[in-house]
1. Hey, got the Cα dimensions of the chain along the principal axes, in Å, largest first?
2. Using the alpha-carbon centroid of each, what span in Å lies between segment 252-297 and segment 1-67?
3. What helices in the chain pass both tests, a Cα length along the helix axis of 30 Å or more and a mean Kyte hydropathy of -0.5 or higher, using whole DSSP H runs?
4. Please work out how much length the chain gains when fully extended from Arg250 to Lys404, using 0.36 nm per residue of separation minus the C-alpha to C-alpha distance, in nm with one decimal.
5. Which loop-located GluC sites (Glu not before Pro) does segment 322-414 contain, where loop means any DSSP state but H, G, I, E or B and the Cβ has at most 16 other Cβ atoms within 10 Å?
6. Identify the GluC sites (Glu not before Pro) of segment 6-74 meeting these criteria: DSSP loop state and at most 16 other C-beta atoms within 10 Å of the C-beta.
7. Give the lysines whose C-alpha is closer than 22 Å to that of Lys51, dropping any in the same chain fewer than 8 places away, or say none.
8. Could you please rank Asp121, Asp146, placing first whichever residue has the fewest other Cβ atoms within 10 Å of its Cβ?
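Each value in this text was obtained by applying a stated rule to the coordinates, not by laboratory testing. In this text the structure is predicted, and so the values were computed from the model without any measurement. Ideal geometry is used to build each Cβ from the backbone, glycine not excepted, and the neighbour counts take in all protein chains shown.
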Amino acid sequence: MAENRVLAEAMKELGFSQAGLARRLNTETEALTGREGRLTDRDVRRYLDGKVGWPQARQRLCLERVFGRSAIDLGFIPRGKTVQALPEDPVLRRKFVTLAGGTAVAAAAPALARLGMSDVDRFHREYVRTLEDDWRVGGARQVENDAVELSMRIQSTLSSGSASTRVRQKLYSLSSDVISTAAFAAIDAKARTRARKHLDRAVTFAGLSGDSETQYHVWNHLAMTAGQRGDFVEAAAAADAMKGLWIARRDPVYASLAHMRNARALARSRQRGEALKALAAAEKSFARSPDGERPAWIAFYDQSEVDGLSASLWSSLGDFAKAEYFFHRALSGIRPELVRNRALYSAHLALAQASQGELELACATGQGAYDMLNPQSGSKRTTDTLDKVRKLIISTGSTAPEIKSWIERSQQWI
C-alpha cells in the first residue's frame, strides 16, 4: 500500500500529531453519535502508511469535518478504485501534493461518481426501515445508532461524488430526516443532550436542503425536546416556527400538527384558554386535510394521533375524565405497526384512570402497556409514565390484595 502523503501534508498544515488527530477524531465521533470514539495514534498511523486506504463511513465523515475536505481530497481511495502514481522525483512530488492547498491535482484522483435519484431512492429505503424500527421498538439505542450511521454514509457519499443541485438537495433533505429519527429515538429515551446534538446537525442539513418540509420536521422535534425539558416558551416558539413555514400554509396536516404542538406547550404552562384555542385550530385544520402522499415520517399523524395528543393536553389541564375518553379513542384507531405509540398511550390511559381513583382498572391497563413494549425498547417516556401510575397508586394507601400484588410486580419496570 502507498503512503498517504496528502493526509500527512494536511496534518502538518494544521499542526496535528498522530495522537492529536486521534483525539480530535474521537471528539467529532462523540459529537456525532453521543459515544466517545476509540481511535488511537496507531489508527492514524495506519491511515498514513496506507494500510487503511478507505476508512469506515463514520471515520471518513469525522476526517472530513476536521479537515474541511472530502475523503478523496485527503488522499484516501474508494475500494475498487486506482489512482495515478505520484511522481518519483522528490521535488516534483512535493509540488504535486501541495497544489491547491495541499490536495492532489484532479488528474491524480479517481473521477467522482455521479450521484442520481437511484442513490436517493436507495438511501430512502434504508431510512424507512429505520423509521419503522423506531415505530416498533421505540427509544432503542440501536435505532438511534443506525440512523446516525445512515446519515454519515449519506454525507460521505455526498463528499465523494458529484450531483445535480436537485439530487444534492434531496440527499441533504434525507440526511436531515434520518438524523431527526436519531433525535426522536433519543427523545423517546429521554436522552435530551443527545437529542439536541442530533437536532443541531439536522438543522444544518435542513438548511442546505432548502426544503420547507424538512425544516418543519426538525422544528417539530425541537418543540418536543424543549417541552421535555420544561422550556415551554421555547416549545411554543418552535411551534410558531412550524406554523410559519410554507408547508404548513399549504397542507392542513402540517398546520394541524403545528397547532397541536403549540396547544400542548400552552397547556403545560397553564394557559388554559390559549391552549384550547390552539387545540380547536389543530382539530379544524386536520378535519379539512385532503388525502395525499406525504413523507414517511409524518404518517403517524392520523386521527388516532390527533385524539392521543388531545388526550395528553386534557391530562395537562387536569381533566382526566375527558383525557380518558380521548385516550380510548386514540387506542381504538391506532395502526398495528405503531407498537411504541400504543404502549405509550396505554400508559397514559392508566395514569388518567389512576388519577380518577380507578385503581384496579389502572393496574390492568398499566400491565397491558408494559406487556406491549418490545424487550429491546428504550422508551423511557412509557416506563416513566408507568412509574407515575405506580407512585400514584402507592400514595392511595390501598390494602387491596390485587393492588398490592400489582405494586410488587410493577417494581421490575422501573
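1. Extents along the principal axes: 88, 48, 34 Å.
2. Here the answer is 46 Å between Cα centres.
3. 165-188
4. Roughly 50.1 nm would be gained on extension.
5. Those satisfying the criteria are Glu337, Glu358.
6. Answer in residue order: Glu36.
7. Lys12, Lys81
8. Fewest to most other Cβ atoms nearby, the residues stand as Asp121, Asp146.
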